[in-house]
1. Between copies, how far does the label point of B:LYS19 sit from its twins, in nm, shortest first, when each point is 7 Å from Cα along Cα→Cβ?
2. Just from its helices, what would the mean residue ellipticity at 222 nm be for chain B, if runs of 4 or more DSSP H residues each count -39500 (n - 2.57) and the sum is divided by every residue, rounded to the nearest 500 deg cm²/dmol?
3. Given the peptides B:15-28, A:36-49, arrange them by the average over their residues of other C-beta atoms within 10 Å, most packed first.
4. Over 18 Å apart: what share of the alpha carbon pairs of the range B:2-67 falls there, rounded to a whole percent?
5. Tell me, for the rotation carrying A onto B, which chain A residue has the beta-carbon closest to the axis and what that distance is in whole Å.
6. Averaged over its residues, how many other protein chain Cβ atoms are within 10 Å of peptide B:62-72's Cβ atoms?
2 protein chains.
Amino acid sequence: MFVILVYDVEEKRVYKVHKICSKYLTWVQNSVFEGEITEAQLRILKDELKEIIDKTKDSVIIYKFRTKAYFEREDIGIKKPSSEDYFI
Amino acid sequence: MFVILVYDVEEKRVYKVHKICSKYLTWVQNSVFEGEITEAQLRILKDELKEIIDKTKDSVIIYKFRTKAYFEREDIGIKKPSSEDYFI
């Protein structure tokens, strides 16, 4: 399946959340990831996130699609950061 | 159609971008909006955003769907901010 994942977490957890998401998905914007993922991988990703985030303060939204064919993506402004931007 | 809009803009433009998006869509997370919108409204929304953002620094991604039926949304952690959180 294809997913779009957006997160809004407290500053101190941003790096960890970003790192977990990076293992399974492609980084497309500050706190947005997308990509093909299996049901099993998504379960693991969610479990890892649940261990890190504070459910009373942080928010993660996952939009799940059977296929990427169901949407069209339009970019305005700069495109897609590279992971190097983030971790140097 | 249904859209998910995510933005990453410089601090000083956040309020204006948020305000424009709020006119047409529902705020679901820090820099994420979603909602039903007509082609015409979306064109206006994009024009308004293009006037505000700096295309060399800011990023707006719009995912467009014919219908909401094509995806399933899953929330982890806190849900949906209310507009009051933002503007008081």
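All of the numbers you see were taken from the coordinates with simple rules; none came from a lab. As the structure is a prediction and not an experimental result, all values here were calculated from the model. All Cβ positions, glycine included, derive from the backbone under ideal geometry; neighbour counts span all protein chains shown.
1. 4.0
2. Rounded to the nearest 500, the figure is -11500 deg cm²/dmol.
3. Values: B:15-28: 17.2, A:36-49: 14.6.
The densest-packed peptide leads the list: B:15-28, A:36-49.
4. Summing the P(r) of the range B:2-67 above 18 Å gives 27 percent of all pairs.
5. A:TYR70, 2
6. Across the residues of B:62-72, the mean count of other-chain Cβ atoms within 10 Å is 5.
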